[in-house]
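Reviewing the structure listed below.
The values are calculated or read from the model by the stated rules, or taken from the named source; none is laboratory data. These figures come from a predicted structure and were not determined experimentally. Cβ sites come from the backbone with ideal geometry, for glycine too, and all protein chains shown count toward neighbours.
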Amino acid sequence: MTEDEREWVKDLEGQRAEECKGAGPVLQGELRQDVVRRLEENSLTPKQIEAFCDSFDSPDVKPGAWNSTKDFVEEAFDAAGVTNKAYLQRVIGSFQKPTEQEKRDGKKSLMDRIGGAVEAREVRMKTVPQTQKPGARM
């Protein structure tokens, strides 16, 4: 890769990071409350919960990426410092199936809802007005 190509990739990554920031967090509102509640039920600390939720705001989290929503959830647990594999699989399993209360409320599983939120951020990114870079040609 040439220096110009590396610079171009770096510019694109920076632009995506800014667009993600402008589109707002992935986990927000009722979904964030539900995720926090589930993580509290599974004994995560407030600091771990914050790290988990914030990890979804990375520009690398995008629909159609090589990784699936499950991979992003696993990475979020890694960011939160949760490394016990058996515990991790149990908690991720709880994200993959709606609870009885969620079923009664007509909600999908947390995993499905997180995937939808990632897609929604992409839509918001496309509808957020982009600022023109100084010196850019029209």
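Among the residues of the range 20-48, the one identified as modelled with pLDDT under 70 and either in contact with an Asp or Glu (Cβ under 7 Å, 6 or more places away or on another chain) or of a type in the set (Asp, Glu) (or both) is Cys20. Within the range 55-67, being surrounded by 12 or more Cβ atoms within 10 Å (Cβ to Cβ) and either β-branched (Val, Ile, Thr) or assigned to a loop (DSSP other than H, G, I, E, B) (or both) holds for Phe56, Asp57, Ser58, Pro59, Asp60, Val61, Lys62, Pro63, Ala65, Asn67. No other residue among Val123, Val82 is out of contact with any Pro (no Cβ under 7 Å at 6 or more places or on another chain), outside any helix (DSSP H, G or I) and at pLDDT 75 or above apart from Val82.
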